[in-house]
């Protein structure tokens, strides 16, 4: 079971190349800040514009850096079932703890097509699979009835839900059983998601405020809901600010402001606009989110 605050990690770029030194620093800082798991090569990691070589290198590097300290979940979804199987097979060989598989975008498969897609991946690769439902980006919505069918397949162990529809979660929980992992994919609704019985979140905000996100989830797991809700309320402006423009442009700007990386994104995305940056500056100043001390980052990196 995957629980807690899992960061949907960005892929930092320097020019047109992946900035692996910055990536290493981010991984070590996330672990030092108490993050419960890392998701690499997901939507926030700009997986659609990564080359196959970049994708596999990032997964391999993540596993090698983390060394089992926290789970590494590799984004392996594609709108091609064959490519999804190929990437998922690589994630297993690389030692990832699970694969996050987004619903096939653009193709718009039927519910039966979605079931057949995930079943094919599960039958081809023996690794825990987390289904990722994000209809706002993929143009297809995995319905609860289909998900219940998928939950009967042993290796399909969880869901990342980015619909923001808490009613769907409450309908689903009694039907999939306590061992099926339910993860929020919407930072603004994570509090309600956890209150309704969710197990954790795959978060964009935790790129920027990992300690606060981890603390909130620790409190939720300990049953201290009011204390968790206070942290979540404090983070709400950041949750919203990081999505005023298409992610990950805003979160990359925030991390560039903290000194971790450039704010480069790959076309067809463009860097955050001046109004977006100004709004984030104000939010981060109010939350007192600043660059970590250089010596702290160096120590974190040395521990890896």
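Please treat every number below as a calculation from the coordinates, not as lab data. Given the structure is predicted, the values throughout are model-derived calculations rather than measurements. No Cβ is skipped: glycine too gets one built from the backbone with ideal geometry, and neighbour counts run over all protein chains shown.
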Normalise the Debye intensity by I(0) for the range 52-163, one equal point scatterer per Cα, no solvent, then take log10 at q = 0.09, 0.21, 0.22 Å⁻¹ and round to two decimals.
-> -0.21, -1.10, -1.19
For the range 82-171, what relative contact order do you get, as a whole percent, if you take Cα pairs closer than 8 Å and at least 6 residues apart?
-> 31 percent
Rg from C-alpha atoms of the chain, normalised by the globular rule of thumb 2.2 N^0.38 Å, equals 0.93
Determine the gain in length on full extension of the stretch residue 179-residue 290; use 0.36 nm per residue of separation and subtract their C-alpha separation, reporting nm with one decimal.
-> 36.1 nm
Between the alpha-carbon centers of the range 113-138 and the range 1-28, tell me the distance in whole angstrom.
-> 23 Å
Helix-only [θ]222 nm of the chain, DSSP H runs n ≥ 4, -39500 (n - 2.57) each, per residue, nearest 500 | -15000 deg cm²/dmol
Taking the convex hull of the alpha carbon atoms in the range 86-242, what volume per residue do you get, in Å³?
-> 120 Å³
Hey, can you rank 53-65, 74-86 by average C-beta count inside 10 Å, highest first?
-> 74-86, 53-65
Ranked output for segments 96-105, 25-34 by mean other Cβ atoms within 10 Å, highest leading, reads 96-105, 25-34
What does the highest-first list of 270-276, 211-217 look like by mean Cβ count within 10 Å?
-> 211-217, 270-276
Alpha carbon centre of the range 168-191 versus the range 59-100: separation in Å?
-> 23 Å
Restricted to the chain, the DSSP antiparallel beta bridge percent, nearest 5, is 5 percent
If contacts are Cα pairs under 8 angstrom and at least 6 residues apart, what is the relative contact order of the chain in percent?
-> 20 percent
Given the range 2-101, what percent of its DSSP beta bridges are antiparallel, to the nearest 5?
-> 20 percent
